[in-house]
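All remarks here apply to the structure that follows.
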Amino acid sequence: MSCAWTCSAPEAAAYAADLLGQPVVEVLPVRRGGNNALFRITTAGRDCFALKVYPRQSRDNRDRLGREYAFLQFLQSRGVTAVPRPRGADRQRDCALYDWIDGQPVTHPGPEELEALVAFLEQLHPLARHPEAAALAEASDCCLSPATAGAQLQRRLARLAEIAPREPALERFLEREFRPLALAVLEHLAAQPGFAALLAPERRTLSPSDFGFHNALRRPSGELVFLDFEYAGWDDPVKLVADVCWHPGMDLAPELVQRFRSRTLALYRAGDDDFPQRLASLLPLFGLIWCLILLNEFLPERWQRRTLGHADGTERAAVLNRQLGRAQARIERLRESWAVG
């Protein structure tokens with residue numbers, strides 16, 4: 001069977017008990033909606049676990065459970081402790097059990113938190129050379145060539161264009177603001193040598209994907225623990241760095257963006273002399289992709305999944321207006337930082 005969006009607390013308790021091999025005394029729903037549901041599971045011995053339910057989606061057939069569980073198993077086997085430990089998975093019920101992480105969200109990150117972010121990548125990157133890493137999948141939406149990234153942008157734009165005639169504000173933004181800049185960036189990149197060439201395997205890295213402080217908790221000890229590896233796998237480190245720089249869930253201060261770029265340049269250009277140039281060239285393209293990701297809330301299927309039917313039209317209008325404003329701000333940043341020569 002497949003866990004539905006309406007997976008109840010009693011169902012979650014039964015799934016967790018089967019995975020643990022012991023009774024469950026408390027189930028607390030922590031999150032419903034988005035891409036999954038999360039429950040805090042407590043046993044009679046007061047041990048706590050996280051049960052994560054991965055509902056199957058009609059428009060997205062990616063194996064989020066298998067990808068996340070395999071990635072965390074690999075990290076655990078290599079002694080990485082800044083991630084939840086996987087405890088068991090049930091593919092029939094589309095759920096998995098992990099250690100519960102007691103911690104607080106990372107708000108107002110500074111240089112110390114940024115160093116923890118980089119330290120995790122410094123631990124992860126050498127593991128790409130481990131023989132067992134070869135069994136891991138490519139990251140979701142991985143971009144192993146500029147052409148692949150360009151095609152991803154075009155796919156996202158085409159999907160939004162389908163519904164734009166019903167959303168006048170979105171249509172104006174796409175036609176007047178987004179398309180002209182996107183066309184200029186794509187034409188500029190397509191004229192460069194190696195536009196369609198795949199990145200050599202030795203230059204790839206293991207990417208957490210969707211990585212940053214928005215998916216981290218601070219333990220009482222001060223250690224940061226990183227969460228949500230549903231899209232993790234092999235990717236170009238340029239995409240990893242660019243995603244952190246552009247991710248709207250963090251909105252890093254400019255000085256932290258520069259510091260992150262500097263620290264990761266030192267990490268990834270070892271064995272990849274072209275990394276600095278590739279990063280500089282592709283940052284605008286990934287910035288454009290993130291503009292479109294911000295606008296995903298306009299998609300009917302995304303809104304239905306996001307709200308589970310518990311939001312009215314007034315709330316939807318406010319969310320769409322906010323997302324459009326955030327996309328506009330990124331377009332302005334792109335214009336300031338890049339221009340076709």
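Where a number appears in this text, it was derived from the coordinates with a stated rule and is not lab data. Here the structure is a predicted model, which is why all the values come from computation and not from measurement. When we count neighbours, we look across all protein chains shown, and the Cβ atoms used for this are built from the backbone with ideal geometry, even at glycine.
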Exercise. GNM on the chain, C-alpha springs below 10 Å: top fluctuator among 227, 19, 183?
Worked result: 183
Exercise. Which of the chymotrypsin sites (Phe, Trp or Tyr not before Pro) across segment 151-251 are loop residues per DSSP, with 16 or fewer other Cβ within 10 Å?
Worked result: 195
Seminar exercise, completed: Among 168, 101, 153, the residue whose Cα sits farthest towards the positive end of the charge dipole of segment 40-169 (+1 at Cβ of Lys and Arg, -1 at Cβ of Asp and Glu, taken about the Cα centre) is 168
Problem set entry | Fully extended contour minus Cα-Cα distance, from residue 223 to residue 274, at 0.36 nm per residue | 15.0 nm
For this session: Report the label-to-label distance for residue 123 and residue 158 in nanometres (one decimal), using points 7 Å from each Cα along the Cα→Cβ vector.
Result: 4.1
Problem set entry | Segment residue 214-residue 56, extension gain: residue separation times 0.36 nm, minus the distance between their alpha carbons | 54.5 nm
Problem set entry | Highest-fluctuation residue, 162, 68, 122 considered, GNM on the chain with Cα pairs under 10 Å | 162
Exercise. Between residue 139 and residues 5 or more places away or on another chain, which pairs have amide H atoms under 5 Å apart, with H built 1.01 Å from N, and which residues are they?
Worked result: 233, 234, 235
Seminar exercise, completed: For 262, 209, 140, ascending order of other Cβ atoms within 10 Å (fewest first) is 262, 140, 209
For this session: Just the ratio, please: alpha-carbon radius of gyration of the chain over 2.2 N^0.38 Å, N its number of residues.
Result: 1.02
For this session: Would you please state which residues of segment 98-128 a label at residue 80 would reach in this model, taking the label point 7 Å out along Cα→Cβ and a backbone N cut-off of under 14 Å?
Result: 117-128
Exercise. Which far-off residues, 5 or more places away or on another chain, put their amide H under 5 Å from the one on residue 25, with H placed in the peptide plane?
Worked result: 42, 43, 44
Exercise. For the residues 130, 247, what sequence is obtained by ranking on other C-beta atoms within 10 Å, fewest first?
Worked result: 130, 247
For this session: Could you work out the relative contact order of the chain, using alpha carbon pairs under 8 angstrom and six or more residues apart, expressed as a whole percent?
Result: 17
